[in-house]
Every structure is written in C-alpha cells, then in structure tokens.
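Following: one structure in structure tokens, then a few remarks.
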Amino acid sequence: MEKRLEGKWWTGRDLNPGPPGCKPTPMDSPRRKKRVRGLSVNYTPQKCFEITDMVIQDFLEWVKRDNPTIKPKTIKQYEYYIPKLQGLALCSKRDVDKVFKIIKLNKSSYEAFSRFLTYIEKRHDGYEDLVVKLRKALPRKPKAREDTYIPPDTKVVELDKCLEKHGEIYAAIYKILVFTGCRGTEARYILEHIHELKTVKLDYGAVRIHLPPELQRGSKNEFVVYLPVDIYNELLKINTKNLPHQDTIEDKFRDCGLALKYLRKWFRQKLKLLGIDSETIEAFQGRVKTIGGKHYTDWIPILDSEYEKILKELRKLLVFG
C-alpha cells in the first residue's frame with residue numbers, strides 16, 4: 001500500500017526504514033545488495049588498483065633501491081613490460097588475462113608482472129587480498145626455450161683471440177670457463193677472490209679450487225672447480241681492482257661472436273665425448289640433483305681422477321700463446 005510522507009508518495013522502494021527508531025537509509029548508498037543462494041547480502045565493491053605513470057615510476061625506483069642484487073638486464077625487462085600496463089585497473093582475476101593480452105605471455109613478462117604484484121603488496125596498504133586473488137589467477141610460468149646450439153672447437157678458439165684484444169681480464173675469464181665448465185658468475189668470483197680460495201695441487205699439473213657456501217643458490221651449487229696449474233698461476237698475477245660488472249663481461253663475449261653460456265655447453269659435450277657419465281658431469285658443473293643423491297665430498301676422488309683425462313683433451317684443443 002502506498003503512503004503519503006511529507007508531501008511525497010512513498011512506495012516502500014525509495015527508503016529502507018530499518019528497525020523501529022533507526023534512521024531510514026537511501027537505497028542509492030555505496031553499499032549494494034548481492035544475492036547469495038536466495039539471500040540478500042550487503043557488500044562493499046572490490047577495491048581496484050590503478051596502474052598510473054606515478055605508480056610505474058615508483059615501482060622501478062623500488063626495484064632498484066630494495067633489490068640491490070638484481071641484474072641491470074632484468075631491470076630493463078621490467079622497464080619494457082610494466083609501462084605497457086599504464087591505465088589498466090586491477091580489480092579481479094579476469095584482469096590478469098588483460099595483462100597478458102597487453103604484454104604477451106613469456107618467461108620475462110611473467111616475472112615482471114609477478115614482481116609488480118610483490119611491489120603492490122609491499123608498498124600499498126589495503127591491497128593484500130587483491131594481490132592474493134591476482135596471483136591465484138596467474139597462468140603457469142612459461143619455461144625458457146631450450147637452446148641446443150653447441151659451438152664447434154674452431155669457434156671456441158677464435159673467441160679467445162678476440163677477447164685478448166679487450167684485455168687480460170676477459171682472456172682470464174675465458175680460460176676459467178673453458179677449463180672448468182662453470183657459470184659466468186662463478187668465473188668472475190674465482191678471478192676476483194683467487195688469493196682467498198682454498199686450493200689443492202694435484203700431481204698431474206692441475207689444482208682443485210674449493211668455492212665458498214655463499215655461491216650456492218637454488219639449484220646452482222658449484223662446490224669445486226679444476227684448473228691447469230699454469231693458468232692458476234697466471235690468475236694470481238692479474239690486477240682485479242677494477243673488475244668489470246658481470247653484464248659488461250657477457251656483452252664482450254657476445255661482441256666477440258659467442259655468448260658466454262655456450263662455453264659451459266661446449267665443456268659438457270667434451271666430457272660426454274670422453275665417455276664420462278652424466279652424473280659425474282653434473283657433479284663437475286654443480287647441479288643440485290647430483291649433490292642431493294650423495295654427499296659432495298664423496299665425489300672429490302672421482303672428480304680428481306676424471307679431470308686428468310679431461311685436461312689432456314683440452315690441452316690438445318686450446319693453445320695459449
């Protein structure tokens with residue numbers, strides 16, 4: 001039944017009177033009604049996070065300031081992908097699909113957006129629940145494409161000649177890589193800390209170098225590496241006061257025609273051709289699955305013995321003037 005209220009007709013739809021003694025609440029309030037299994041429930045709309053230019057700049061500054069170990073190459077990837085999202089509002093799981101329609105899904109874009117979600121959680125109050133929902137909606141992280149290229153011996157020898165022109169530091173890094181099969185980060189560390197590292201001389205003209213625990217990270221667990229004793233003595237004489245950044249070293253290798261990572265692949269292939277089993281190669285190159293199966297010190301006598309024939313083979317291929 002319609003009633004007259006202060007000169008207006010009231011139909012019962014304009015105001016919500018509530019219980020006796022309560023003030024009527026207009027139905028155009030920000031709070032809305034949502035029907036759940038036949039019941040009307042009041043709720044507040046989801047808080048959205050808008051990606052503005054100011055937010056993007058703050059994100060990039062935060063990455064550089066609060067993540068000192070992050071590589072410049074990774075920061076460049078963030079600078080490439082995240083600005084593309086300017087103007088997008090993150091409100092629900094469906095917005096994750098919008099994100100990857102804009103920046104295309106690959107390993108680098110996935111990591112950039114995941115880091116951006118961490119930034120929202122740490123730098124902006126009140127969005128914790130939203131970040132949890134968005135993370136649940138993330139697609140499976142794409143795997144890096146497998147690169148099967150292994151350079152021929154001639155390419156590896158030519159690389160040395162080019163790097164020598166850039167200075168003894170780059171030539172020294174090259175020698176560490178081709179004789180140890182280690183990663184670039186370990187090679188630079190060995191050169192920088194060569195005087196401090198525990199070393200054992202072997203009777204066939206090689207040294208075993210023990211690396212510290214701080215180099216062990218994730219699945220990358222290099223515990224020992226081997227070098228010819230004459231190369232080791234050369235490294236001891238090099239002045240490493242102004243050692244270039246890892247990214248600079250990698251750029252020099254590319255400029256000379258071969259990315260640094262291919263020397264590790266080349267080394268592995270050489271060991272395979274010598275008949276060394278895969279498990280022992282894993283131990284030489286510091287992969288976690290091998291170390292998980294046995295205590296690493298159990299491998300030392302095996303590696304000491306196997307490196308003798310490895311060194312003979314490498315000596316045939318690599319001649320340094």
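The values are calculated or read from the model by the stated rules, or taken from the named source; none is laboratory data. Since we're looking at a predicted model, the values are computed, not measured. So basically every Cβ, Gly included, is an ideal-geometry build from the backbone, and we count neighbours across all protein chains shown.
Residues considered: 177, 134. Of these, the only one that is part of a helix (DSSP H, G or I) and touching a strand residue (DSSP E or B) at 6+ places or on another chain (Cβ under 7 Å) is 134.
Consider region 66-105 and keep the residues that are within 15 Å of the chain's Cα centre (by Cα) and hydroxyl-bearing (Ser, Thr, Tyr). The one that is surrounded by the fewest Cβ atoms within 10 Å (Cβ to Cβ) is 69. Entry remark, region 102-131: residues being of a type in the set (Gly, Ala, Ser), over 15 Å from residue 60 (Cβ atoms) and part of a helix (DSSP H, G or I) number 3 in total. Just one of the listed residues (262, 189) is farther than 20 Å from residue 147 by Cβ, surrounded by 16 or more Cβ atoms within 10 Å (Cβ to Cβ) and of a type in the set (Phe, Trp, Tyr), and it is 189.
Being touching a Ser or Thr at 6+ places or on another chain (Cβ under 8 Å) and at pLDDT below 95 is the requirement here; does residue 46 meet it? In short, yes. Selection over region 221-275 of residues that are among the basic types (Lys, Arg) and under 17 Å from residue 206 (Cβ atoms) gives a count of 1.
Just one residue in the set 189, 226, 170, 204 is in contact (Cβ under 8 Å) with a residue 12 or more places away in the chain, within 26 Å of residue 317 (Cα to Cα), assigned to a loop (DSSP other than H, G, I, E, B) and among the hydroxyl-bearing types (Ser, Thr, Tyr); that residue is 204. Residues in region 237-265 that are in a helix (DSSP H, G or I), of a type outside the set (A, V, I, L, M) and within 23 Å of the chain's Cα centre (by Cα): 246, 247, 248, 250, 251, 252, 253, 254, 261, 262, 264, 265. Considering only region 78-90, I want to know if a residue exists there that is in contact (Cβ under 8 Å) with a residue 40 or more places away in the chain and either among the charged types (D, E, K, R) or in a helix (DSSP H, G or I) (or both). Within region 78-90, not a single residue is in contact (Cβ under 8 Å) with a residue 40 or more places away in the chain and either among the charged types (D, E, K, R) or in a helix (DSSP H, G or I) (or both). Does at least one position in region 157-175 carry a residue that is modelled with pLDDT of 95 or more and hydroxyl-bearing (Ser, Thr, Tyr)? Yes: region 157-175 contains one or more residues that are modelled with pLDDT of 95 or more and hydroxyl-bearing (Ser, Thr, Tyr). Which members of region 63-77 meet the condition of being charged (D, E, K, R) and part of a helix (DSSP H, G or I)? Result: 64, 65, 66, 73, 76. For residues in region 219-236 being over 30 Å from the mean Cα position of the chain (by Cα) and aliphatic (A, V, I, L, M), which is nearest to residue 182 (Cα to Cα)? The selected residue is 231. Cβ-Cβ contacts under 6 Å between residues 6 or more apart (or on different chains), taken from a first residue in region 101-122 that is assigned by TED's automatic domain parsing to the domain that holds residue 75 and at negative phi to a second residue that is of a type in the set (S, T, N, Q) and surrounded by fewer than 19 Cβ atoms within 10 Å (Cβ to Cβ), are listed as 108/77; 112/77.
The number of residues in region 200-221 being within 26 Å of residue 242 (Cβ to Cβ) and either surrounded by 15 or more Cβ atoms within 10 Å (Cβ to Cβ) or among the acidic types (Asp, Glu) (or both) comes to 5.
Residue 178 - would you say it is within 30 Å of residue 207 (Cβ to Cβ) and either modelled with pLDDT of 95 or more or crowded, with 17+ Cβ neighbours inside 10 Å (or both)? In short, yes. Identify, please: which residue in region 143-167 is among the acidic types (Asp, Glu) and assigned to a loop (DSSP other than H, G, I, E, B) and is, among those, farthest from residue 206 (Cα to Cα)? In this case the residue turns out to be 146.
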